[in-house]
Amino acid sequence: AQTVTQSQPEMSVQEAETVTLSCTYDTSENNYYLFWYKQPPSRQMILVIRQEAYKQQNATENRFSVNFQKAAKSFSLKISDSQLGDTAMYFCAFMKPYFGNEKLTFGTGTRLTIIP
Amino acid sequence: EPEVTQTPSHQVTQMGQEVILRCVPISNHLYFYWYRQILGQKVEFLVSFYNNEISEKSEIFDDQFSVERPDGSNFTLKIRSTKLEDSAMYFCASSQGQLTNYGYTFGSGTRLTVV
C-alpha cells in the first residue's frame, strides 16, 4: 500500500515571500501521479498542481511549482510571491491509476498561513 | 466549468438513524468516489465505483455503508445506522478515467453531524 507523508503540520510565511511544503511518499510502482490540493476554510478541495511520474520536467502553474525527485520519492510544492489567499490546508496526494479505479491517497496536510 | 454537486451541504442526524448523501457527478465522467474527512484530519478514501459496481473499498467502508447510482445521474452514499464517529465531511468526486485529460473533480462536500 502506498503512503504519503507530510512532515510539516503548520507553516507560516510573510506575504510576498516564497514557501516550500514538503511531501514524501512510498511506493513500489513506477507509473503514478502526484498532486497538491488546497483546502481553504470553505473546505472545498481545489487542485493546485499535478505531476506525472514518467515526466522528468517539474510541473509549474503560475506561482506554484514542484520539485519532483523520483529516486528520493519526494514531491515538494513551492509557492512564490505568496498571497493572503494562499492561506489554506495543503494536501499532497498519490494516485496509481488502475482500470476502473483512480483513488487518491492523501497525506496528513500542512496548514499554511500567510501573514500580512 | 462542470461541477460535482453534493446535497445537502450540512446534515444533522441522530445516532442510529439512516442517512443518504447525494451527489451528481459530471455527466461524461465514468469513475465515482466517496472520501471522508474527520475534522482536522486527512482526507480518507472510502469507495470507488465504476460500471455500476464497487471497484475498491477501504476498511472504513464496512457493512453499514453502501453506494448506488440509481438513475444514471445521481451517486449516493448511504449509512445505515449512524454512529457518533461517522461525523465528518464527506466528499464525492468523479473522474473521466485513465487520466486522459485529467478530469478529477471534487464536490464541495456534505458536513454530517451525528448527535
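Summary of values
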{"item": "Unmet criterion (only one of (1) open to solvent by 60 Å² or more (accessible area, probe 1.4 Å); (2) in a strand (DSSP E or B)) for B:S55", "result": "(1)"}
{"item": "Members of segment A:26-53 found to be more than 17 Å from A:K78 (Cα to Cα) and either hydrophobic (A, V, I, L, M, F, W, C) or touching a residue at least 40 places away in the same chain (Cβ under 8 Å) (or both), listed by number", "result": "A:D26, A:T27, A:E29, A:N31, A:Y32, A:Y33, A:P40, A:P41, A:M45, A:A53"}
{"item": "Residues satisfying the stated conditions in segment B:1-30, i.e. out of contact with any helix residue (DSSP H, G or I) (no Cβ under 8 Å at 6 or more places or on another chain), in a loop (DSSP other than H, G, I, E, B), more than 15 Å from B:C92 (Cα to Cα) and touching a residue at least 60 places away in the same chain (Cβ under 8 Å)", "result": "B:Q14, B:G16, B:Q17, B:E18, B:N28"}
{"item": "Given (1) among the acidic types (D, E); (2) within 14 Å of another protein chain (Cβ to nearest Cβ); (3) under 28 Å from A:A1 (Cβ atoms), number of the condition B:E85 does not satisfy", "result": "(2)"}
{"item": "Members of segment A:94-116 that are among the hydrophobic types (A, V, I, L, M, F, W, C), facing chain B (nearest Cβ under 10 Å) and open to solvent by less than 40 Å² (accessible area, probe 1.4 Å)", "result": "A:M95, A:L104, A:F106"}
{"item": "Residue that is surrounded by the most Cβ atoms within 10 Å (Cβ to Cβ) [pool: residues in segment B:69-85 that are in contact (Cβ under 8 Å) with a residue 60 or more places away in the chain and farther than 11 Å from B:W34 by Cβ]", "result": "B:T82"}
{"item": "Residue ID - nearest to A:C23 (Cα to Cα), chosen from residues in segment A:76-93 that are open to solvent by less than 10 Å² (accessible area, probe 1.4 Å) and within 11 Å of another protein chain (Cβ to nearest Cβ)", "result": "A:C92"}
{"item": "Residues of segment A:90-116 satisfying the condition of being under 11 Å from A:Q2 (Cβ atoms) and in a strand (DSSP E or B)", "result": "A:A93, A:F94, A:M95, A:T105, A:F106"}
{"item": "Only one of B:G40, B:G16 that is small (G, A, S) and open to solvent by less than 50 Å² (accessible area, probe 1.4 Å)", "result": "B:G16"}
{"item": "Of residues in segment B:24-44 being of a type outside the set (D, E) and more than 17 Å from B:V4 (Cα to Cα), the one farthest from the other protein chains (Cβ to nearest Cβ)", "result": "B:I38"}
{"item": "Hits in segment A:49-68 - residues which are closer than 20 Å to A:Q2 by Cβ and either open to solvent by 50 Å² or more (accessible area, probe 1.4 Å) or in a strand (DSSP E or B) (or both)", "result": "A:I49, A:R50, A:Q51, A:E52, A:Y54, A:K55, A:V66, A:N67, A:F68"}
{"item": "Residues that are in a loop (DSSP other than H, G, I, E, B), within 14 Å of another protein chain (Cβ to nearest Cβ) and in contact (Cβ under 8 Å) with a residue 12 or more places away in the chain, drawn from segment B:58-68", "result": "B:S58, B:I60, B:F61"}
{"item": "The listed residue being of a type in the set (S, T, Y) and either in contact with a His (Cβ under 6 Å, 6 or more places away or on another chain) or without any contact (Cβ under 8 Å) to a residue 40 or more places away in the chain (or both), out of A:S22, A:S82, A:S12, A:S65", "result": "A:S65"}
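The values are calculated or read from the model by the stated rules, or taken from the named source; none is laboratory data. Values in this document were obtained by computation on a predicted structure and should not be read as measured data. We place every Cβ from the backbone using ideal geometry, glycine too, and count neighbours over all the protein chains shown. Calculation scope for accessible area: heavy atoms of the full protein, side chains included, ligands and nucleic acids excluded. Shrake-Rupley method; radii C 1.70, N 1.55, O 1.52, S 1.80 Å.
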